[in-house]
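Novice: Can you read through this structure? Questions will come right after.
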């Protein structure tokens with residue numbers, strides 16, 4: 001007994017908007033413990049909409065649609081769903097009164113086309129829309145060949161704010177009572193830095209095969225994530241199932257795991273420094289401010305992050321960070337000696353407890369034999385002195401990836417030092 | 001002869017991520033003139049993935065998949081597509097060599113599971129992945145019942161940056177040659193800053209109703225875009241159709257239009273400065289480095305962008321930028337006097353022709369009655385002196401939006417000054 005989501009709108013097929021409704025509903029279904037195995041998008045086309053509804057009726061118990069409930073000729077959802085099961089449309093006088101009252105209250109004129117919105121297939125119940133004019137419906141079409149027993153459609157408008165309010169006010173209670181929910185889900189996302197998805201997956205291969213909780217790996221933006229998802233009769237029981245699996249994953253992966261759920265490397269580093277009453281400054285060449293921006297993206301960063309210097313040009317490295325000309329001339333800007341001088345310089349100038357400095361070849365130009373594109377030197381200066389190291393990120397993923405990986409790697413080095 | 005998009009990933013069904021890939025591909029297909037009538041999402045489940053592929057094969061000519069190309073056990077796409085048409089998997093030695101080389105270049109160990117990524121169905125061609133380890137494929141399965149003649153699958157990874165690079169580098173040429181496109185399309189994206197989508201749309205309403213070229217508005221990340229798309233028998237004829245419409249749009253919108261196609265505000269500003277042989281420095285408080293990072297994101301920025309100071313803490317504003325304590329005490333850090341002192345300070349310290357400074361309340365905390373969350377002061381110092389102004393971005397969209405809009409607004413002010 002599973003659910004599907006069908007989103008209707010040509011604007012989705014043209015790429016004009018992102019399908020945020022599907023994500024929002026998916027999250028709600030997961031929280032309600034209603035399994036959901038497919039999402040479909042079709043345009044404002046009667047024939048293709050009817051086909052998609054018929055197909056879903058043969059696969060799932062609950063179909064949730066969004067979009068196509070408005071008054072214009074390209075709003076086809078209600079009529080096409082009725083036609084998919086050969087049902088006539090019936091006007092609901094109380095809905096028509098409600099629509100007229102809402103339009104009038106907004107100082108607008110009622111158009112004849114609004115009357116279409118008061119029609120529902122024979123036997124459908126109104127799913128009230130507290131925000132907009134168009135109501136949705138709850139409808140179990142007559143049984144028939146190729147229709148799952150008890151197949152039911154819930155329709156929602158495509159405007160996200162109306163959909164979300166309607167869901168919470170009128171649909172959640174129905175869904176909870178529908179016996180579709182097979183328990184309640186709880187999930188936890190663990191976040192990793194400095195390990196490839198494939199090698200992490202091999203370390204935890206036996207846990208990836210688990211059924212409840214399930215563990216699934218994801219890669220993206222330089223980090224790897226493992227999502228643990230458990231199902232049980234209550235939220236507390238589901239959460240309890242997560243605990244031993246999370247503990248085992250953390251035991252095996254040690255310091256590779258930098259946080260969970262909404263943590264970022266920057267938020268974790270800031271929190272560690274906050275607990276110690278310490279501060280941080282940065283000196284950036286190849287990232288041009290990206291390291292500082294990652295820290296400033298975290299609300300409340302200002303009690304720990306002091307700022308720093310964007311030393312993109314060598315003259316700025318000398319003038320604002322007192323990097324010795326000799327180091328620049330002898331070793332070049334991309335070197336441990338310059339990274340060290342940058343970190344120590346910004347630490348001295350700002351009085352921060354810790355300082356991170358990065359200097360590298362972000363490409364696509366500027367690489368050479370011994371200093372290829374993707375080579376970055378990262379220095380960390382702290383109370384016990386300064387260390388610097390060259391890291392090679394390779395050139396295949398391009399400039400923005402090298403900058404992104406440099407920011408993550410620098411923050412991770414400070415995290416491990418703390 | 002239409003296309004469909006099939007996105008594979010349990011994280012989409014759980015609502016963990018928004019399906020931005022479907023939107024991105026939809027936009028690309030629209031620009032290429034390839035009609036596309038359905039999008040489907042399924043989880044990492046072999047049986048349901050096979051069913052979705054078979055169904056699509058009966059409906060469309062081109063199926064584009066995203067996700068499930070990684071090395072872990074829940075990456076099932078290639079194997080399930082092969083199974084859907086009863087084809088065996090064949091290892092491609094050159095792909096396996098390439099995967100090993102890429103992993104080794106990143107200083108990581110090759111795992112046995114990576115070898116799965118070198119297997120494709122018999123008869124499939126490799127669709128190279130310039131960024132990641134996993135290649136995609138182009139495959140026309142053997143003809144059969146329930147399969148549209150010429151049905152072809154293109155597979156892409158789920159990581160957006162890899163997908164987008166692969167699409168542009170290896171797929172676009174194939175798609176243009178595929179005869180799926182109905183005619184030849186040419187398109188041009190005009191980019192705007194400082195105008196709302198609705199008001200821009202009203203200014204050009206008559207052109208939005210055009211059929212060839214079409215003009216479609218898009219909003220996102222603080223800027224508004226108009227895409228002009230023309231269709232004709234040849235590329236030259238299609239491009240010629242764009243010219244008068246672009247000229248008319250530029251005439252009506254004047255300086256609101258900052259660039260086209262791959263331009264960013266940062267790239268346009270850097271180019272204007274480069275033409276004048278001038279340089280730029282930044283002093284950032286509330287953006288924490290985001291303004292510098294936007295400039296450093298542009299390849300070749302280093303001949304114009306010198307760097308600057310991230311003056312997050314007031315002590316750094318004083319120490320590195322010589323902002324007078326009196327200004328900080330009398331007017332507060334978020335003020336025209338401090339923004340001006342920051343801009344003049346960084347211009348003096350770096351010797352840049354121009355300097356931009358931003359200081360504001362990014363929130364969610366730190367707002368007050370006369371300095372609410374979303375208030376940002378932006379100063380521009382140049383050869384003719386310094387001007388500063390307070391801008392209110394509001395608080396409703398949150399911290400990251402305020403930072404993003406601050407970066408754009410600052411760059412746009414310099415653009416207009418130039």
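The values are calculated or read from the model by the stated rules, or taken from the named source; none is laboratory data. From a predicted model like this one, the values you see are computed outputs, not experimental measurements. So basically every Cβ, Gly included, is an ideal-geometry build from the backbone, and we count neighbours across all protein chains shown.
Novice: Kindly indicate the residue of region B:316-336 that is more than 12 Å from chain A (Cβ to nearest Cβ) and free of Cβ contacts under 8 Å to residues at least 12 places away in the same chain and also nearest to residue A:314 (Cα to Cα) among those meeting that condition.
Specialist: Step by step, filter region B:316-336, then rank; the result is B:325.
Novice: Is it fair to say residue A:136 is assigned by TED's automatic domain parsing to the domain that holds residue A:56 and under 14 Å from residue A:56 (Cα atoms)? If you could, list the steps in order and put the result at the bottom.
Specialist: Details: assigned by TED's automatic domain parsing to the domain that holds residue A:56: yes; under 14 Å from residue A:56 (Cα atoms): no.
For residue A:136, the condition - assigned by TED's automatic domain parsing to the domain that holds residue A:56 and under 14 Å from residue A:56 (Cα atoms) - is not met.
Novice: Could you check region A:279-296 and list, in sequence order, the residues that are out of contact with any helix residue (DSSP H, G or I) (no Cβ under 6 Å at 6 or more places or on another chain) and either at the interface with another protein chain (Cβ under 7 Å from one of its Cβ atoms) or under 12 Å from residue B:403 (Cα atoms) (or both)?
Specialist: A:292, A:296
Novice: While we're here: Do you know which residues across region B:253-278 are loosely packed, with under 14 Cβ neighbours inside 10 Å and touching a helix residue (DSSP H, G or I) at 6+ places or on another chain (Cβ under 9 Å)?
Specialist: Step one: of region B:253-278, the residues loosely packed, with under 14 Cβ neighbours inside 10 Å are B:254-255, B:261-262, B:275-277.
Listed by number, the list holds a single entry, B:255.
Novice: Could you pull out every one of the helices (runs of 4 or more DSSP H) wholly within region A:1-115 that has 1 or more residues that are within 12 Å of another protein chain (Cβ to nearest Cβ) and over 22 Å from residue A:147 (Cα atoms)? Break it down stepwise before answering.
Specialist: On the way: elements: A:10-13, A:20-32, A:46-57, A:77-84, A:93-105.
Correct list: A:10-13, A:20-32.
Novice: Residue check, residue A:137 against (1) within 14 Å of chain B (Cβ to nearest Cβ); (2) buried (at least 22 other Cβ atoms within 10 Å of the Cβ), all met but one. Which one?
Specialist: It fails just one condition, (1).
Novice: Being within 8 Å of chain A (Cβ to nearest Cβ) and over 29 Å from residue B:361 (Cα atoms) is the filter; apply it to region B:297-315 and report the residue that is farthest from the chain's Cα centre (by Cα).
Specialist: B:302
Novice: Then there is this: Out of all the residues in region B:365-392, which are part of a loop (DSSP other than H, G, I, E, B), touching a residue at least 24 places away in the same chain (Cβ under 8 Å) and within 30 Å of the chain's Cα centre (by Cα)?
Specialist: B:373, B:374 - these are the residues of region B:365-392 that are part of a loop (DSSP other than H, G, I, E, B), touching a residue at least 24 places away in the same chain (Cβ under 8 Å) and within 30 Å of the chain's Cα centre (by Cα).
Novice: Could you check how many residues of region B:345-364 are under 29 Å from the mean Cα position of the chain (by Cα) and farther than 18 Å from residue B:194 by Cβ?
Specialist: 8
Novice: Give me the pairs: first residue in region B:188-202 and closer than 21 Å to residue B:410 by Cβ, second residue at pLDDT 85 or above and part of a loop (DSSP other than H, G, I, E, B), beta-carbon distance under 7 Å, and six or more apart or on different chains, which are they?
Specialist: From residues that are closer than 21 Å to residue B:410 by Cβ, the pairs are B:191/B:263.
Novice: Given the criteria crowded, with 24+ Cβ neighbours inside 10 Å and modelled with pLDDT of 95 or more, does residue B:240 qualify?
Specialist: Numbers: crowded, with 24+ Cβ neighbours inside 10 Å: no; modelled with pLDDT of 95 or more: yes.
Answer is no for this residue.
Novice: Here are some residues: A:67, A:15, A:33. Which one is free of Cβ contacts under 8 Å to residues at least 24 places away in the same chain, within 25 Å of residue B:11 (Cα to Cα) and either surrounded by fewer than 22 Cβ atoms within 10 Å (Cβ to Cβ) or in contact with a helix residue (DSSP H, G or I) (Cβ under 7 Å, 6 or more places away or on another chain) (or both)?
Specialist: Going through A:67, A:15, A:33 in turn, just one is free of Cβ contacts under 8 Å to residues at least 24 places away in the same chain, within 25 Å of residue B:11 (Cα to Cα) and either surrounded by fewer than 22 Cβ atoms within 10 Å (Cβ to Cβ) or in contact with a helix residue (DSSP H, G or I) (Cβ under 7 Å, 6 or more places away or on another chain) (or both): A:15.
Novice: Looking at A:156, A:185 in this structure, which one is more than 13 Å from every other protein chain (Cβ to nearest Cβ) and either touching a helix residue (DSSP H, G or I) at 6+ places or on another chain (Cβ under 6 Å) or under 28 Å from residue B:157 (Cα atoms) (or both)? Walk me through how you get there before you give the answer.
Specialist: Values: A:185 fails: more than 13 Å from every other protein chain (Cβ to nearest Cβ).
After applying the criteria, what remains is A:156.
Novice: Looking only at region B:149-171, which residues are free of Cβ contacts under 8 Å to residues at least 40 places away in the same chain and touching a strand residue (DSSP E or B) at 6+ places or on another chain (Cβ under 9 Å)?
Specialist: B:159, B:161, B:162, B:166
Novice: When region A:337-351 is examined, which residues are found to be surrounded by fewer than 24 Cβ atoms within 10 Å (Cβ to Cβ) and within 12 Å of chain B (Cβ to nearest Cβ)?
Specialist: Those that are surrounded by fewer than 24 Cβ atoms within 10 Å (Cβ to Cβ) and within 12 Å of chain B (Cβ to nearest Cβ): A:348, A:349, A:351.
Novice: Is it true that some residue in region B:243-257 is within 18 Å of the chain's Cα centre (by Cα) and not in a helix (DSSP H, G or I)?
Specialist: Taking every residue of region B:243-257 in turn, none turns out to be within 18 Å of the chain's Cα centre (by Cα) and not in a helix (DSSP H, G or I).
Novice: Mind telling me which of the residues A:169, A:159 ends up being assigned by TED's automatic domain parsing to the domain that holds residue A:114, more than 28 Å from residue A:216 (Cα to Cα) and buried (at least 19 other Cβ atoms within 10 Å of the Cβ)?
Specialist: A:159
Novice: Suppose the filter is within 13 Å of another protein chain (Cβ to nearest Cβ), surrounded by fewer than 21 Cβ atoms within 10 Å (Cβ to Cβ), touching a residue at least 40 places away in the same chain (Cβ under 8 Å) and not in a strand (DSSP E or B); does residue A:404 pass it?
Specialist: yes
Novice: Can you tell me which of A:415, A:392 is within 14 Å of chain B (Cβ to nearest Cβ) and either surrounded by fewer than 21 Cβ atoms within 10 Å (Cβ to Cβ) or at pLDDT 95 or above (or both)?
Specialist: Working: A:415 fails: within 14 Å of chain B (Cβ to nearest Cβ).
Going through A:415, A:392 in turn, the sole match is A:392.
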